[in-house]
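A short write-up of the structure that comes next.
The values are calculated or read from the model by the stated rules, or taken from the named source; none is laboratory data. Since this is a predicted model, take the numbers as computed values, not measurements. Quick reminder, even Gly has a Cβ in these numbers, built from the backbone with ideal geometry, and neighbours come from all protein chains shown.
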Amino acid sequence: MIKVAAAGGGTGGHLYPLLAILETLAKRVDVKVLFFAVKGKIDERVVRKDHPEFETVSIDVRGLLRPLHHPKNLWRTLKIGIATIEVKKHLKRFKPDLVVLTGGYISGVVGLAAKDLGIPIFVHEQNVVPGLAVKVLSQYAKKVFVSFERTRDYLREWQDKIVVTGCPVRETEKEAPLKDFVLVLGGSLGSEAINELMEKVYPELQETQFVHSTGSDDWTERLSVFPNVTALTYIDPMGAYWKKAIASISRAGASTIAEMMYYGVPGILIPWESSAESHQLENALEAERLGYAIVIRENEASPRKIIESIDKVVKKGKIEKMKENPASKISKEILGEIM
């Protein structure tokens, strides 16, 4: 048995790749997991539901505001210090063989505590541009797994640790009850802008079938009036629908792009322009460069442009599915280091 401490939460973009890694490790060896979740966030809810066998510890911590000299960061830094002491107590008790971190502020807390205790650290960065936690933790990590080759440019000091794996994807044996549809997503909480935009598109494309993850019951009811739209408040598991989709329209979060690329679904990406360090825009542009997507900036997104782009991606057709899940590559690397 190996004992793994893990953190990477606050958003689905950090959480789901981490769960993919842990689930793949569990298929290869007997694993006991201590999972540090952010109190009140998606990781706290999902991990307790999907993996009751994990020991889940909720930590009350929040990330630093931008710019970093923001006056509220003084109080947040104090709370991070208190949280680090709490995390150390749990790590000393659990005695993990390694720590797996996928970014977000909780990763910074757990990673620095693990570093002080001499516990091997493995990090994964989902985005093209690494976040603050990954930049800091890379100097202490045994391996830094990245989704894109271009991420090397942002971590030049740690080239010998970097392994380009792609972004891990959670797999499922479940199948969606529909097929040959355009999958519309706005991230784990939905997107008001995408919902409003697609409400104008649907009447113009009545021969095209859509599955739309809306993020709210109100929007689900509102979009269900269109006979060519299956509106769902939340889709779980996502993989069941990616398998059957012929194209997609979404934001440009790392997990969404990872699933799009893994299942070979060409897409239209409308990056959220306010994401930290312009993560979504950089992710979208890289996916476009690799031939998976058409990028439309939000201020340029119109019903006509979306309709024209849907025609292009549907005609492009599905791309060959990846032969190996990045989660598998990462689990092999980790086990090779510690076994």
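Restricting attention to region 186-205, the residues that are part of a loop (DSSP other than H, G, I, E, B) and modelled with pLDDT under 95 total 6. What are the residue pairs meeting all of these: first residue in region 106-127, first residue assigned by TED's automatic domain parsing to the domain that holds Thr151 and under 20 Å from Ile330 (Cβ atoms), second residue part of a strand (DSSP E or B) and among the basic types (Lys, Arg), Cβ atoms under 6 Å, and 6 or more apart or on different chains? Qualifying pairs under 6 Å: Phe122/Lys143. Of the residues making up region 133-150, one or more are over 30 Å from Ala231 (Cα atoms), out of contact with any helix residue (DSSP H, G or I) (no Cβ under 6 Å at 6 or more places or on another chain) and among the polar types (S, T, N, Q). Residues that are under 22 Å from Arg297 (Cβ atoms), part of a loop (DSSP other than H, G, I, E, B), at pLDDT 95 or above and not assigned by TED's automatic domain parsing to the domain that holds Leu15: does region 143-153 have at least one? Scanning region 143-153 turns up no residue that is under 22 Å from Arg297 (Cβ atoms), part of a loop (DSSP other than H, G, I, E, B), at pLDDT 95 or above and not assigned by TED's automatic domain parsing to the domain that holds Leu15. Residues in region 295-309 that are under 25 Å from the mean Cα position of the chain (by Cα) and farther than 12 Å from Leu205 by Cα: Val295, Ile296, Arg297, Glu298, Asn299, Ala301, Ser309.
Listed conditions (1) surrounded by 14 or more Cβ atoms within 10 Å (Cβ to Cβ); (2) modelled with pLDDT under 95; (3) not aromatic (Phe, Trp, Tyr) are all met by Gly40, apart from (1).
Among the residues making up region 235-291, a single one is under 15 Å from Ser191 (Cβ atoms) and basic (Lys, Arg): Arg251. Among the candidates Val129, Val136, Val182, Val163, the residue that is outside any loop (DSSP other than H, G, I, E, B), surrounded by 20 or more Cβ atoms within 10 Å (Cβ to Cβ) and hydrophobic (A, V, I, L, M, F, W, C) is uniquely Val182.
Candidates in region 228-273 are the residues that are more than 16 Å from Ile296 (Cβ to Cβ) and among the polar types (S, T, N, Q); of these, the one that is farthest from the chain's Cα centre (by Cα) is Asn228. The helices (runs of 4 or more DSSP H) found entirely in region 239-323 that carry 3 or more residues being at pLDDT 95 or above and farther than 17 Å from Glu149 by Cα are 303-316.
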